[in-house]
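One structure is given below, encoded as structure tokens.
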Amino acid sequence: MTGFPSFNVFSSSSELGLGGAGFLLPSPNSTKVNPSVADSNRSFVASIINYKSGISSQSIGLCSPFVYGTGTISMRHISYGTFDGYDELSEYTGKYHSADTWFNIGYSKKIKLFPMRFGLTAQYFLSSLENYTINALAISFGSMISFKKIDSNFGVSVHNIGTTLNINNYSEGLIEPKIVFSGTKTLAYLPLTIYMDTIMERISRNQDLFIGGIFNFKNNLRVRWGTSTRKISQNTNQDLIKSIIGASGLGFGITAGSTTINYGVFIYGTGASVHGIEIGIKL
């Protein structure tokens, strides 16, 4: 079992709106993206996500043309809050914080004379809990091939190949690699692009299918939706409505000039929800 569940948290409102799908959707601050996918334009993105119980996540990302390809750099931070500390005698020891921080750098490039891209990202991870800290390094890599005649893309990516840099009682567990098979299809008679992703986790052997879509309207408005087979594991015998909408996302975005604003919400099987807002600027 992985000791780093925070590797799988949401980091952008686009992820929320697609319900976890969209690994072939360019996003410089997203954790759920094939490393070969990158926006060829220079752009900056900032996102804030609010979880329950005072947990919040912030991320920023920048992508830019670089050495005949595209370079990306991003930072993500998630705060789990402030807690009261006590020793083994139940004596109050003061307040302490818990947080995770990621630094990412990546590069992707299109192959000349062939509709294929490849990419690689490197990640440094820092986690803290009271006086304990842990550091880890991980890499991800992937490729994508495009078929313009049928408006489709197919990709495969391998994520979280890494190791911890310091071992102590706090850092028990493993970084869990995962393989993702992805595809997109833009429909001919609807302003809709469908995203499908199959995630296969190596250690836990979990396999999940994600499907989502983006409606692109003429007034620069986009509507996102998505769901996954995780609604089965998250179904805790709730009522019918909660069972149907569990593990699903919904969002919308609008572009005005060089600025894009996205909002997304993800609903768990219990009915709890996560909300996020994101601002992107083309530089």
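Only the coordinates and a few stated rules stand behind these numbers; no lab work does. Since this is a predicted model, take the numbers as computed values, not measurements. No Cβ is skipped: glycine too gets one built from the backbone with ideal geometry, and neighbour counts run over all protein chains shown.
Some observations on this one:
- The ranking of Glu91, Glu176 from fewest to most other beta carbons within 10 Å of each one's beta carbon is Glu91, Glu176.
- Here the Karplus relation 6.51 cos²θ - 1.76 cosθ + 1.60, evaluated at θ = phi - 60°, turns the backbone of region 51-59 into coupling constants of 9, 6, 6, x, 7, 9, 10, 10, 8 Hz, with x for every Gly and Pro.
- For the chain, the relative contact order comes to 20 percent (Cα pairs under 8 Å, sequence separation of at least 6).
- Loop-resident sites, region 1-77, for chymotrypsin sites (Phe, Trp or Tyr not before Pro), counting at most 10 other Cβ within 10 Å (DSSP): Tyr68
- Pairwise FRET efficiency - Leu192 versus Ile261, Cβ, R0 = 25 Å, nearest 0.05: 0.75
- Pairwise centroid distance, computed over Cα atoms, of region 1-66 with region 67-146, Å: 11
- In a simple Cβ point-charge model (Lys, Arg +1; Asp, Glu -1; nothing else charged), region 97-166 has a dipole of about 680 debye relative to its Cα centre.
- Sequence-distant residues sharing a close amide H with Asn206 (under 5 Å, placed H): Glu201
- Once the Cβ-Cβ distance of Lys148 and Ile60 is raised to the sixth power relative to R0 = 35 Å, the FRET efficiency obtained is 0.60.
- Think of region 1-126 as a dipole: +1 on every Lys or Arg Cβ, -1 on every Asp or Glu Cβ, centred on the Cα centre; then among His77, Thr101, Ser13, Ser13 lies furthest on the positive end.
- Within the shell defined by Cβ-Cβ distances under 9 Å, the residues around Ile214 carry a net charge of +2, with Lys and Arg each +1 and Asp and Glu each -1.
- Based on every Cα atom in region 14-142, Rg and the maximum pairwise Cα distance Dmax equal 18.3, 69 Å.
- Partner aspartates and glutamates whose Cα lies under 19 Å from the Cα of Lys112, excluding those fewer than 8 positions away in the same chain, are identified as Asp39.
- Computed per residue of the chain from DSSP H runs no shorter than four, each worth -39500 (n - 2.57), the mean residue ellipticity at 222 nm is -1000 deg cm²/dmol.
- Burial ordering of Thr198, Thr70, Thr164, Thr133, fewest other beta-carbon atoms within 10 Å first: Thr133, Thr198, Thr164, Thr70
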